[in-house]
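Read through the structure below, which is laid out as structure tokens, and then see the notes.
The values are calculated or read from the model by the stated rules, or taken from the named source; none is laboratory data. On a predicted model such as this, the values are computed, not experimentally measured, just so you know. Cβ atoms come from the backbone with ideal geometry, glycine included; neighbour counts cover every protein chain shown. SASA here: full protein model, heavy atoms, side chains in, ligands and nucleic acids out. Shrake-Rupley method; radii C 1.70, N 1.55, O 1.52, S 1.80 Å.
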Amino acid sequence: VDVDFAKLLPRVAGLALGAGERHVKVAACELLDALTKYVIADSSKGGVAVSTSVPKPELVYKALYPALLRLATDAEPICVQLFEPLCLQMVRWLASKATSRENEQAMAVLDAITVAIGDEANGALRELGARALAEYVRYALKQVPMGSATETSHGLKSALRRLLALARHPSAYRRIGFCLALRRVFKELRDDEGLVDLCALDAAEHALGCLRAADKDPPALGTADAADAALAQVEKVIIHWLQHHRHSPTRNRLLLPSKQRSAFAGGASDFGQWLVRVAVAWPEPRARMKAFNMAVRLATALANARASEPSSPTSPSSPPAAVCGERDSYGPLRALLAAAADRAEAATE
């Protein structure tokens with residue numbers, strides 16, 4: 001019997017989501033679970049389908065994965081038992097295929113996860129979307145050597161780009177989802193120096209922007225608290241790499257310029273100057289105070305990191321390095337302090 005999956009799968013998914021009778025809903029869920037696994041197994045055979053009625057895998061993921069995520073957070077326990085593990089298993093499997101280029105199936109799933117993270121009506125769906133994105137990051141990191149994710153994993157970059165796009169969304173619920181996902185994602189990538197260097201400063205800027213946008217949200221939503229917690233997580237990772245890894249051979253990666261960063265190519269000192277020159281001047285009180293406190297802690301971490309750098313021995317009669325034209329290792333720190341002084345002087349006028 002040749003079954004047309006393109007017509008069957010949407011009907012089964014509709015019954016699983018909206019059937020009024022429990023036995024119909026459970027039967028539809030069991031059938032949908034079996035059909036989904038069959039399509040995944042069929043697509044894993046190098047793209048050669050057993051039947052011409054089986055649609056392309058990326059179309060299946062684009063049409064079915066949003067429904068699977070909703071079923072995984074359904075009030076019916078059978079749905080949760082069937083589809084919550086399946087959703088996470090699909091993410092893990094696809095994460096291993098999206099390292100060297102953007103896999104269409106993985107991108108379709110990431111789009112569905114991004115929509116779930118910003119769902120305005122279902123908090124459990126936002127939480128599951130955040131978990132799924134963190135699982136994708138965790139298993140994508142397993143496919144690349146430590147520290148080289150910036151060069152090899154397009155899937156990771158795509159996932160982070162989708163996440164950061166939610167930070168300044170007009171919808172408060174999407175920003176809450178961004179904060180939930182950011183905290184989970186940074187627990188996975190905090191030990192990879194390549195990814196920390198690539199996205200930590202950019203993520204901190206977006207988290208501050210999210211906190212700034214939360215000033216207009218109702219306090220009962222908790223958007224500001226969620227953004228504050230997410231920013232604290234990112235700041236902790238940045239300070240950790242500046243302080244506790246300053247004696248390693250690659251201790252200066254966050255201090256050195258890099259064109260691979262999407263923002264703050266000059267490094268942590270550029271980010272500190274942005275905090276003092278721009279963020280501290282915001283009219284939103286909570287975001288302004290958070291930026292000020294972060295600038296103080298960052299300046300302290302930069303001073304400690306610079307002080308730990310080995311210096312070449314000089315004779316007592318030799319002139320300072322700056323006079324000789326050598327590189328001034330404290331230049332970024334001096335620029336940060338100068339920006340703070342300018343800001344303080346402007347505030348008193």
(message) Name the residue that is modelled with the highest pLDDT, counting only residues in segment 61-85 that are open to solvent by less than 40 Å² (accessible area, probe 1.4 Å), more than 12 Å from C29 (Cα to Cα) and hydrophobic (A, V, I, L, M, F, W, C).
(response) L69
(message) Give me the residue from segment 233-252 that is open to solvent by 50 Å² or more (accessible area, probe 1.4 Å) and modelled with pLDDT of 85 or more and, out of that set, farthest from A204 (Cα to Cα).
(response) H240
(request) Identify the residue in segment 183-198 that is of a type in the set (D, E) and in a helix (DSSP H, G or I) and, among all such residues, is most open to solvent (accessible area, probe 1.4 Å). (result) E188
(message) Give all pairs with beta carbons closer than 6 Å in which a residue from segment 21-43 that is under 24 Å from L59 (Cα atoms) meets a residue that is outside any helix (DSSP H, G or I) and not small (G, A, S); count only pairs at least 6 apart in sequence or on separate chains.
(response) D42/V50; D42/V54
(message) Given the criterion on the phi < 0 side of the Ramachandran plot, outside any helix (DSSP H, G or I) and either out of contact with any strand residue (DSSP E or B) (no Cβ under 7 Å at 6 or more places or on another chain) or surrounded by fewer than 16 Cβ atoms within 10 Å (Cβ to Cβ) (or both), identify the matching residue among L180, L201, L255.
(response) L255
